[in-house]
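No lab work stands behind these numbers, since they all come straight from the coordinates. Fair warning: this is a prediction, and the values are worked out from it, not measured in the lab. With ideal geometry, Cβ positions are generated from the backbone for all residues, glycine too; neighbour counts draw on all protein chains shown.
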Amino acid sequence: MIKSALQIAREAYQPKLPNSLKGSVKIVDGAKTKSIADQAEIEAKFPNTYGMPIITFEEGEKKDYPATGVGVILSGGQAPGGHNVIAGLFDGLKSLNADNKLYGFMGGPSGLTDNEYLELTPEIINHYRNTGGFDIIGSGRTKLEEVEQYNQGLENCKALGITALVVIGGDDSNTNACVLAEYYKSIDAGIQVIGCPKTIDGDLKNEMIETSFGFDTACKVYSELIGNIQRDANSAKKYWHFIKLMGRSASHIGLECALQTQPNICIISEEVEEKKQTLNEVVKQIADVIAARAANNENFGSILIPEGLVEFIPEMKILMSELNDIMAHKEAEFVLIESKQEKREFVAAELSSESATVYDSLPNDIADQLIMDRDPHGNVQVSRIETEKLLIVMVESRLKKMRKKEKYAGKFAAQNHFFGYEGRCAAPSNFDADYCYSLGYTASVLISEGKTGYMSSIRNTTLTADKWIAGGVPTTMMMNMERRHGEMKPVIQKALVELDAAPFKKFASQREDWAINTKYIYPGPIQYFGPSEVCDAPTKTLALEQGK
């Protein structure tokens, strides 16, 4: 493996741990838990793993743990810090018993069912410490949802001497992990399942999971790029930059990047939904700011757009819901249609009259994107919808009408960007390097203590790492019932931007000023070395949520 000078230097970085993980650990049980909603339904589906207590670690007396094998799976999209979760898990297991073994299942959950694995050794682990990506064992999006998969995975684990699995993933992956834990517990399989909270989108969090790993690094990468673009815009003074940011179901990335860079406009999907704004009203909001800045002879600016915006616009949300149902029940007929125009006509005929009107009003390329192949849950793949281009076309059309009414006299030229993959495999920030290592180490303790159906939890994350609180939270605590593929299923509830919480309030208090006045911040690249207040700082979102 060819390494850069930075990677060589980062390999030498020793991630920081909470004090409770630096020696022997004692388990302290807290209050018993219940699901965030739909308690009766969730308890009925998880009778063996529902209602378990929150767990906190404290310093304890040394114990002897028997040697065992553990399997680890990377599931879903990449997020900075995944390698450090595995490194922390490996080091934790070896500290508990030097004979413990760690196996990585290759290519995601399918590695478990297909019995494709790699025994992880110090030589392998050391090459990946503090690096981005998931390439140590690869990832995948196979869903573990069928009993046949569970039984095949059980057979493969037994053959390797594996008694515990660690699933590193987002809300859907951890939902599947919880279902797997329940099944193995129900048949007394002797296989524990522990989850670790991963997603750069930031929508897997609650009072016990303060942040999902990768969010910190990804937002810092995107904010650097946004700052670079804003500096260019302020230099050239001739372009409006429409920047779509990853975040399918929540606007956490957009909000955090806005707090870091102070753009002229940042659309928050959850606010659009709360106010029941139509697509035309969103366009008007943007056009009015452009016109106001043009009046000051500033024909440039920056606009941040969350990836999942279209799902939060009421008429678009209804349209997409109808499209999902059509695709679920009419797929056999749809796939036989060859031309794009005939596909659009077929879909429009199946829609309600209101949704058909909305669908027909969209540019053909956007209409085509809405009926592309669905994601594994049967939903529209919103990352393929070029929302930023749609808004540019609609804003330009509105500005032309405003010009005729003498309400706009500026120049409008736009550039579009989509920042997604640029941040998913970045070398983790110090925060994510430490946080992920602690999550993995925590998982090793949960395993050694015989726990299953838990997710690793690290709290107090705005303090220095030695003061972080390690422990575990029952995954069922985060669940509710949602419609998937036309059926109600238990899933971890996504955490959306809360409009009455401190991060949004901070943004809302300043955005009118940012809209008209050029007050850009240029954060620059992630700093790995230097003063702690620069290198170890958490996101502004996390700091504000914790009252810092």
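Look at the Cα gyration tensor of segment 314-382: its axes a ≥ b ≥ c give a/c under 1.5, and that counts as rounded. With neighbour counts taken as other beta-carbon atoms within 10 Å, the residues T131, T476, T278, T121 rank, fewest first, as T121, T278, T131, T476. Within the same chain, lysines fewer than 8 places from K401 are excluded, and of the rest, those with a Cα less than 26 Å from its Cα are K237, K238, K244, K275, K276, K284, K389, K411. Restricting the trypsin sites (Lys or Arg not before Pro) of segment 48-104 to loop positions (DSSP other than H, G, I, E, B) with no more than 16 neighbouring Cβ atoms within 10 Å leaves K62, K63.
Against the chain, whose longest principal axis is taken from its Cα atoms, helix 340-350 shows a tilt of about 80°.
Overall shape: oblate for segment 1-145, with the ratio a/c of the largest to smallest alpha carbon gyration tensor axis at 1.5 or above and b/c at least equal to a/b. For segment 350-434, rounded, prolate or oblate, judged on the Cα gyration tensor with a ≥ b ≥ c (square roots of eigenvalues), a/c < 1.5 rounded, else prolate if a/b > b/c? Oblate.
Basic side chains Lys and Arg get +1 at the Cβ, acidic Asp and Glu get -1 at the Cβ, and with that the dipole of the chain about its Cα centre reaches some 1780 debye.
For N126 and K330, the difference between the fully extended length at 0.36 nm per residue and the C-alpha to C-alpha distance is 68.4 nm.
Note on K540: aspartates and glutamates with a C-alpha under 12 Å away, same-chain residues under 8 apart excluded, are D216, E256.
Find me the longest stretch of the chain that has none of the exposed GluC sites (Glu not before Pro), where exposed means in a DSSP loop (not H, G, I, E or B) with at most 16 other Cβ atoms within 10 Å. Counting only loop sites that pass the neighbour cut-off, the longest clear stretch is 208-337. Pairing the Cα long axis of helix 502-516 with the longest principal axis of the chain, what angle in degrees results, from 0 to 90 and rounded to the nearest 10? That helix lies at roughly 30 degrees to the long axis. What the Cβ-Cβ distance of I8 and R141 gives, at R0 = 25 Å and to the nearest 0.05, is a FRET efficiency of 0.15. Under a model in which nothing but the beta-carbon of Lys, Arg (+1) and Asp, Glu (-1) is charged, segment 314-382 shows a dipole of about 100 debye around its Cα centre. Ranked for footprinting exposure by Cβ neighbours inside 10 Å, fewest first, T464, T539, T113 give T464, T113, T539. With 31 Å as the limit, the listed pairs K45/K467; K317/K400; K185/K330 have K45/K467; K185/K330 beyond it between alpha carbons.
Normalised by the number of residues in the chain, the average gap of Cα pairs under 8 Å and 6 or more apart makes the relative contact order 24 percent. Across segment 377-469, Cα pairs under 8 Å and at least six residues apart give a relative contact order of 16 percent. For segment 296-319, backbone nitrogen atoms closer than 17 Å to the point 7 Å from K519 Cα along Cα-to-C-beta are found at 301-304. If both residues of a DSSP beta bridge must be in the chain, then about 40% of such bridges are antiparallel. In order along segment 120-131, phi translates into HN-Hα couplings of 8, 10, x, 4, 6, 4, 5, 6, 10, 4, 6, 10 Hz, rounded to whole numbers, per the Karplus curve 6.51 cos²θ - 1.76 cosθ + 1.60 with θ = phi - 60° and x for Gly and Pro.
Inter-part distance, segment 120-199 to segment 431-505, computed on C-alpha centroids, equals 16 Å.
How much FRET efficiency would the formula 1/(1 + (r/R0)^6) give for S397 and S532, where r is the Cβ-Cβ distance and R0 is 51 Å, rounded to 0.05? My answer for the efficiency is 0.55.
As a rough footprinting exposure proxy, the listed residues F46, F105 were ranked by other beta carbons within 10 Å of their own, and the order from fewest upward is F46, F105.
Normalising the average separation of contacting C-alpha pairs (under 8 angstrom, six or more residues apart) by the number of residues puts the relative contact order of segment 314-382 at 39 percent.
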